[in-house]
Structure formats: structure tokens, C-alpha cells
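Engineer: First the structure, which I've put down as C-alpha cells, then a few questions once you've had a look.
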Amino acid sequence: MIENKSEFLGAAFRAAMLAGDLIVKNLGRISEDDVTIKQASDFVTRVDRESEQLIINTIKQKFPEHHFLAEESVKDIETGEYRWIIDPLDGTTNFIHGYPVFSVSIALEYKKEIILGAIFDPLRDEIFTAEKGKGAFLNGQPVNVSAISELENSLITTGFPFRRKDFIDNYLKLFKNIFHKVSDIRRAGSAALDLAYLACGRCDAFFEIGLSAWDVAAGSIIIKEAGGIITDFGGGPDYLATGNIVAGTPALHGDILKEVKGVFREVIEK
Ligand code: IPD
Ligand code: CA
Ligand code: CA
């Protein structure tokens with residue numbers, strides 16, 4: 001049985017607010033010494049790590065038995081009954097440059113199913129939340145995916161494959177194919193916010209290759225609870241494991257998936 005549903009959301013909410021506050025206080029105050037390179041084009045800052053500790057400590061105070069999968073410190077493959085999946089700062093490159101698009105993403109998994117998601121944009125004071133079966137919310141108000149039904153009227157979001165630059169030719173081919181069919185495409189730099197915006201109708205579909213579970217976990221349940229669809233590149237449910245994501249409104253998800261399948265045949269999960 002799933003217990004304490006709203007206590008879970010309370011803990012996620014508190015942790016997200018504390019982390020958001022820490023991130024905003026440090027915006028514009030990052031020196032070279034605060035930044036470490038994980039791999040080419042992939043950075044982590046002191047603030048990512050501090051935010052993660054703050055989130056984990058806040059949740060642990062309330063739920064000491066729970067497990068964690070967090071980007072910068074704990075890769076707890078032991079899922080247990082409850083496991084929190086945390087991206088303590090989604091949009092680190094933006095944050096380092098002072099580009100004002102980043103978020104905190106917190107999800108809770110119960111027996112390997114995501115049952116709660118919270119994505120907080122501390123600059124706009126917007127928190128997107130969902131619990132399984134209860135709908136999706138923006139600052140406590142119910143939200144839904146958009147009603148746009150034609151690709152030509154749609155606004156699409158995406159992320160560039162900067163960690164896998166070997167994918168760039170195929171990615172650009174896909175981008176071009178989609179670009180010709182839609183109204184426009186955005187690349188803002190926080191996948192969690194891209195998913196949150198899809199859930200509340202600010203954009204209509206999203207695609208990205210090579211994300212991690214912490215980028216997607218919270219957004220996936222918020223999208224589903226808002227009436228949207230999220231799949232892997234094969235159209236199946238393995239999006240957290242593969243990180244290859246197509247999400248969209250029920251009217252448009254299939255159209256974007258068809259384009260993705262047309263180009264990325266070799267990474268489509270069987
Ligand atoms: C990144 C952002 C970005 C996406 C990357 C992610 P990070 O997260 O979500 O939009 O394109 O693939 O890794 O590294 O800033 O937490
Ligand atoms: Ca991320
Ligand atoms: Ca991150």
C-alpha cells in the first residue's frame with residue numbers, strides 16, 4: 001500500500017524550496033574554482049552538490065528508510081520500496097552563465113513506479129507537481145497539456161546531444177525534418193522545465209536523446225497526470241532507462257515519434 005501520499009509531496013516541496021533558495025542566492029557568484037568538468041561540455045558546480053545534500057537531508061529527516069538516486073552523489077541502485085530520484089540543479093550550464101533557465105527536479109518511485117514529481121523554477125517561483133492519480137498542478141492550480149492538434153501550429157522543445165556529439169548529424173536531420181512541419185522549436189537548457197512546460201500547455205511536444213533518469217522522472221509523471229504521453233524512441237515505456245525521450249500531447253506525440261523513428265532507427269529499443 002502507498003502510505004503518506006501528501007506527506008511525500010510536503011517533503012518534496014520543502015526540499016525543492018530550500019534548494020531553489022540556495023541556487024538563487026548563488027546565481028552570479030560562481031567562480032572558476034566552483035566548477036568541475038565531468039566530461040567535455042558537462043559541468044558540475046559547488047551549488048549542484050550543496051543543493052543535492054540539502055534535498056537529501058531534508059527528505060531523510062522525514063523518511064530515513066528511503067533510498068536515493070541523485071545525480072551528483074548517490075547512485076543507489078537498490079530501489080527498496082521507496083526511492084527518490086533527484087536532479088538538484090537541472091540546467092547547470094545555464095546557471096554557470098547566468099542564463100535564467102534552470103530548475104530543481106524531485107521524483108519519488110514506489111516499487112519502481114514513479115508516483116510523485118515536483119519541478120521547481122526558483123526564478124519564476126513556479127512549482128509543477130503531480131501525484132499518481134491526482135492530476136498535475138502549477139502552484140496548486142490544475143494544469144493540462146495543450147489542445148493544439150496540428151503540427152503546423154505546434155511549439156516543440158528539445159535538447160542538443162552535447163554529451164554525444166557523435167549523434168549530431170542524425171540529430172540535425174531529425175531537427176530539420178521536424179522543423180519543416182512545426183511552427184517553431186526551442187532549446188532552453190533544462191529538460192525538466194521543458195517537460196513541465198509541456199504538462200501545462202506552454203509547448204506541445206519534446207524530444208531529446210541521452211537524458212538520465214533524474215532529468216526525466218519528475219517530468220514524466222507530471223506530463224502523464226496532465227493528459228500527455230511520454231515514451232522512449234521506440235514508442236515504449238523504457239524512457240527512464242534509455243533516456244531517449246519523446247513526449248507530447250495525445251494529438252502530436254505520434255507525429256513526433258514517427259519522425260524520430262525515421263531517423264534514429266539504430267538507437268530504437270527493441
Ligand atoms: C541537462 C539539461 C539540458 C539537457 C541535458 C541535461 P544538467 O541537465 O537538462 O537541458 O539537454 O541533457 O543533462 O546537466 O544541467 O543537470
Ligand atoms: Ca539534468
Ligand atoms: Ca543537474
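None of the figures in this text is laboratory data; all of them are computed from the coordinates on show. Keep in mind the model is a prediction, meaning the values are calculated, not measured. Note: ideal-geometry Cβ built from the backbone for every residue, glycine included; neighbour counts use all protein chains shown.
Engineer: Please quote Rg/Rh for region 1-156 to two decimal places, taking the Kirkwood radius as Rh and restricting both calculations to Cα atoms.
Structural biologist: 1.00
Engineer: Rounded to the nearest 500 deg cm²/dmol, what is the calculated helix-only ellipticity per residue at 222 nm for the chain, with -39500 (n - 2.57) per DSSP H run of length n ≥ 4?
Structural biologist: Result for the chain, helices only: -11000 deg cm²/dmol.
Engineer: Hey, any idea what Rg/Rh is for region 157-270, computing Rh the Kirkwood way over Cα pairs? Provide the component values of the computation, followed by the final result.
Structural biologist: Details: Rg = 12.5 Å, Rh = 13.6 Å.
Reported Rg/Rh (Cα atoms, Kirkwood Rh): 0.91.
Engineer: How would you rank Leu108, Leu155, going from fewest to most other Cβ atoms within 10 Å of each one's own Cβ?
Structural biologist: Arranged by neighbour count, lowest to highest, Leu108, Leu155 become Leu155, Leu108.
Engineer: Okay, next question. Would you compute the Debye intensity of region 90-232 from its alpha-carbon atoms alone, equal scatterers and no solvent, and pass along log10 I(q)/I(0) at q = 0.09, 0.10, 0.16 Å⁻¹ to two decimals?
Structural biologist: -0.26, -0.33, -0.85
Engineer: Pairs Lys132/Lys261; Lys112/Lys134; Lys176/Lys261; Lys60/Lys132; Lys112/Lys132: which exceed 25 Å Cα-Cα? Let's see the in-between values first.
Structural biologist: Numbers: Lys132/Lys261 29 Å; Lys112/Lys134 19 Å; Lys176/Lys261 14 Å; Lys60/Lys132 22 Å; Lys112/Lys132 13 Å.
Beyond 25 Å between Cα atoms: Lys132/Lys261.
Engineer: Only sites in a loop by DSSP and with at most 14 other Cβ atoms within 10 Å count here; which GluC sites (Glu not before Pro) in region 1-102 make the cut?
Structural biologist: When the GluC sites (Glu not before Pro) of region 1-102 are filtered for loop state and at most 14 Cβ neighbours within 10 Å, Glu3, Glu65, Glu78, Glu81 remain.
Engineer: Moving on to the next point. Counting other beta carbons within 10 Å of each Cβ, put Ile185, Ile221 in order, fewest first.
Structural biologist: Neighbour counts put them in this order, fewest first: Ile185, Ile221.
Engineer: Taking R0 as 22 Å, what's the FRET efficiency between Glu81 and Gln61 from their Cβ-Cβ distance, rounded to 0.05?
Structural biologist: 0.75
Engineer: Would you mind ranking Asp48, Asp169 so that the residue whose beta carbon has the fewest other beta carbons within 10 Å leads the list?
Structural biologist: Asp169, Asp48
Engineer: Please check which bits of region 235-264 a label hung off Asp169 would reach, taking the label as a point 7 Å along Cα-to-C-beta and the cut-off as backbone N under 18 Å.
Structural biologist: What the label zone holds, given the 18 Å backbone N cut-off, is 262-264.
Engineer: Which trypsin sites (Lys or Arg not before Pro) from region 1-96 combine a DSSP loop assignment with at most 14 other Cβ atoms within 10 Å?
Structural biologist: Values: sites: Lys5, Arg14, Lys25, Arg29, Lys38, Arg46, Arg49, Lys60, Lys62, Lys75, Arg83; in loops: Arg29.
Counting only loop positions with at most 14 other Cβ atoms within 10 Å, the trypsin sites (Lys or Arg not before Pro) in region 1-96 are Arg29.
Engineer: A follow-up question, please. Would you kindly derive the ³J(HN,Hα) couplings of region 192-197 from the backbone phi angles with the Karplus curve 6.51 cos²θ - 1.76 cosθ + 1.60 (θ = phi - 60°), listing them in order in whole Hz, with x for Gly and Pro?
Structural biologist: My calculation for region 192-197 gives 4, 5, 3, 5, 4, 5 Hz in order.
Engineer: While we're here: Measure nothing fancy, just the Cα-based angle from helix 46-62's long axis to the longest principal axis of the chain, in degrees from 0 to 90, nearest 10.
Structural biologist: With both axes taken from Cα atoms, the answer is about 60 degrees.
Engineer: If you take the beta carbon distance between Arg187 and Lys25 as r and set R0 to 41 Å, what does 1/(1 + (r/R0)^6) give as a FRET efficiency, to the nearest 0.05?
Structural biologist: 0.90
Engineer: Moving to a separate point now. Pulled fully out, how much extra length does the chain show between Asp238 and Ser6, if you take 0.36 nm times their separation in residues and subtract their Cα-Cα distance?
Structural biologist: 80.8 nm
Engineer: Could you work out the pair-distance distribution P(r) of the chain from its alpha-carbon pairs, with 5 angstrom bin width and percents rounded to whole numbers?
Structural biologist: All Cα pairs, binned at 5 Å, distribute as 1, 6, 14, 18, 19, 17, 13, 8, 3, 0, 0 percent.
Engineer: Mind listing which chymotrypsin sites (Phe, Trp or Tyr not before Pro) in region 152-238 are in a DSSP loop and have 16 or fewer other Cβ atoms within 10 Å?
Structural biologist: Phe162
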